[in-house]
Amino acid sequence: MTIFEKIAAREIPAKIVHETDEFFAFHDVNPQAPTHVLIVPKRVIPRIAEASAADSELLGRMLVASREIAQKLGVAESGYRLVINNGPDAGESVPHLHMHLLGGRHLAWPPG
Ligand code: DGP
């Protein structure tokens, strides 16, 4: 099982802020901004480059749900960034697709 599957199964504790039967969101253990949550499908897709057309609706629902999660966390008005790291140069460290939602401070662009 991946770390995130273990969190979904409640084998590893995490602060879960949103959950459906398909995906869930929880606070990142190593936050890079005052608000930093991960939105993760329960079905393991290793990374976005390995997603298929069959994953399109799930990924779309995750993207749309980010709005509700941002509202719940109080960053909808101030702004937030959605990030998916794919592969070594992007710093991907967990081979279970996840979307970062970062906010609560000004986020520099371009990213480091
Ligand atoms: P990435 O570098 O894009 O693969 O991001 C992986 C993120 O996962 C990283 O920001 C830290 C987070 N993370 C890793 N292990 C755990 C964990 O056990 N619990 C929580 N809450 N977050 C974790």
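The values are calculated or read from the model by the stated rules, or taken from the named source; none is laboratory data. Please read these numbers as outputs of a predicted model, since none were measured by experiment. Ideal geometry is used to build each Cβ from the backbone, glycine not excepted, and the neighbour counts take in all protein chains shown.
General remarks:
- Extreme residue, surrounded by the most Cβ atoms within 10 Å (Cβ to Cβ), among residues of region 41-61 that are more than 16 Å from the ligand (Cβ to nearest atom) and of a type in the set (D, E, K, R): Asp55
- Residue match in region 62-69 (condition: over 23 Å from Pro111 (Cβ atoms) and loosely packed, with under 15 Cβ neighbours inside 10 Å): yes
- Tally of residues being of a type in the set (A, V, I, L, M) and either farther than 28 Å from Gly112 by Cβ or at pLDDT below 95 (or both) across region 14-43: 1
- Qualifying residue in region 5-17 (condition: in a strand (DSSP E or B), of a type outside the set (Gly, Ala, Ser), within 15 Å of the ligand (Cβ to nearest atom) and within 22 Å of Gly79 (Cβ to Cβ)): yes
- Flag if Ser52 is farther than 22 Å from Ala33 by Cβ and either among the polar types (S, T, N, Q) or in contact with a helix residue (DSSP H, G or I) (Cβ under 8 Å, 6 or more places away or on another chain) (or both): yes
- Qualifying residue in region 8-19 (condition: closer than 18 Å to Ile84 by Cα and free of Cβ contacts under 8 Å to residues at least 12 places away in the same chain): no
- Hits in region 73-112 (condition: away from the ligand (no atom under 15 Å from the Cβ), over 14 Å from His36 (Cβ atoms) and of a type in the set (D, E, K, R)): Glu77
Results for (1) of a type outside the set (A, V, I, L, M); (2) closer than 24 Å to Ala9 by Cα, shown as yes or no for each residue.
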residue	(1), (2)
Asn30	yes, yes
Pro34	yes, no
Pro41	yes, yes
Arg47	yes, yes
Ala51	no, yes
Leu58	no, yes
Val75	no, no
Asn85	yes, yes
Ala90	no, no
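- Some residue of region 52-68 being in contact with a Leu (Cβ under 8 Å, 6 or more places away or on another chain), at pLDDT 95 or above and in a helix (DSSP H, G or I): yes
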